[in-house]
Amino acid sequence: MNPELKDLYQRVTDQIVKAIETGAADWKMPWHQTGSENFTPINAQTKKPYRGVNILSLWAAADANGYPTGLWATYKQWQELGAQVKKGEKATLVVFWKFSDRDRDEDAGEGEEREEHTSRGVLARGYSVFNAAQVDGYQAPAVPTIPQAQRIESAESFFGALGADIRHGGGRAFYSPASDHIQMPNFEVFKDAVAYYAVLAHESTHWTGAPQRLNRNLTGRFGTNSYAAEELVAELGAAFICAALGLCNEPRQDHAAYLNSWLQVLKSDKKAIFTAASKAQAAADWMHARQTGEEEREAA
């Protein structure tokens with residue numbers, strides 16, 4: 001076996017830990033997207049968006065290398081698209097899961113490198129992907145620009161459809177499990193509408209964890225670090241929602257207090273970021289499902 005494929009969980013975790021440590025001085029985490037790259041990464045061939053921890057891996061790689069696009073594909077997929085990966089380009093690892101009882105892949109794609117782990121009928125495979133900026137012979141399709149006013153309108157509609165009890169006033173934002181309500185400072189306190197909805201996305205992710213919704217309890221998984229882990233889930237959930245809505249998700253200094261706890265958990269548990277990202281994806285899926293009345297989608 002290729003030694004580079006020895007442990008895909010550790011490789012992904014190391015990549016994300018490095019991105020967190022790199023941005024720590026400015027409180028910029030790999031999930032803080034502030035430009036056109038804030039949109040969810042997409043497979044250039046299948047047109048399917050990546051999910052869960054793969055979004056973080058690709059955001060981190062794009063940020064570290066200055067890639068201006070969110071289009072990715074395996075070496076073989078780029079060839080099938082008539083493009084060629086440039087000589088010497090380094091791949092980024094993503095992980096897909098195949099559920100044997102359902103015969104489907106999350107983030108389906110084919111690549112030359114893979115490692116398999118069987119656990120409870122789930123097969124984890126690692127794939128090497130390259131960004132569109134790393135290939136020759138590919139013309140990215142034009143992406144229509146959505147005016148910010150329209151994106152703000154979409155965000156207002158999105159959160160309105162959740163049916164959450166959102167109250168305004170006071171100097172801080174929080175979710176109260178006791179009264180099952182989201183407390184937000186008044187709209188004018190925020191520097192702009194995007195900042196308001198980014199914070200609301202964070203608190204709404206907390207709100208999804210209530211027993212009557214997703215019943216998310218991280219105590220058994222993370223023990224004394226469960227509070228910090230829940231904050232990480234909320235951070236990731238907000239990032240996924242903001243990306244889907246085309247909104248910037250800027251660094252928040254008030255979450256700097258969790259950095260050491262997050263790093264401690266991730267460094268001691270190679271699957272912790274996978275769990276947190278999966279829970280965040282489940283929360284985002286639940287909120288998206290509320291928009292159409294569809295049944296809740298299962299997270300990757």
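Rule-based calculations on the coordinates, nothing more; no lab input. Remember, it's a predicted structure, so these values are computed and weren't measured experimentally. All Cβ positions, glycine included, derive from the backbone under ideal geometry; neighbour counts span all protein chains shown.
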Please give the length that would be gained between residue 157 and residue 176 if that part of the chain were fully extended, namely 0.36 nm times their separation in residues minus their C-alpha to C-alpha distance (nm, one decimal). 4.6 nm
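Quick check on the exposure proxy: order 74, 22, 205 from fewest to most C-beta atoms within 10 angstrom.
Listed from fewest to most nearby Cβ atoms, that is 22, 74, 205.
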As a test of the definition: which semi-axes, in Å, follow for segment 148-292 when you take the square root of five times each eigenvalue of its alpha carbon gyration tensor? Largest first, please. 24, 16, 15
For the pairs 76/270; 18/90; 18/267; 48/267; 47/98; 47/279, note any where the Cα-Cα span goes beyond 21 Å. 76/270; 48/267; 47/279
Proxy exposure order for 287, 184 (fewest C-beta within 10 Å first) is 184, 287
Straight-line reach from residue 191: which lysines have a Cα under 25 Å away, not including same-chain ones fewer than 8 places off? 28
With a point put 7 Å past each Cα toward its Cβ, work out how far residue 84 is from residue 166 in nm, to one decimal. 5.1 nm
Going by how many other beta carbons lie within 10 Å of each one, how would you line up 206, 288, fewest first? 288, 206
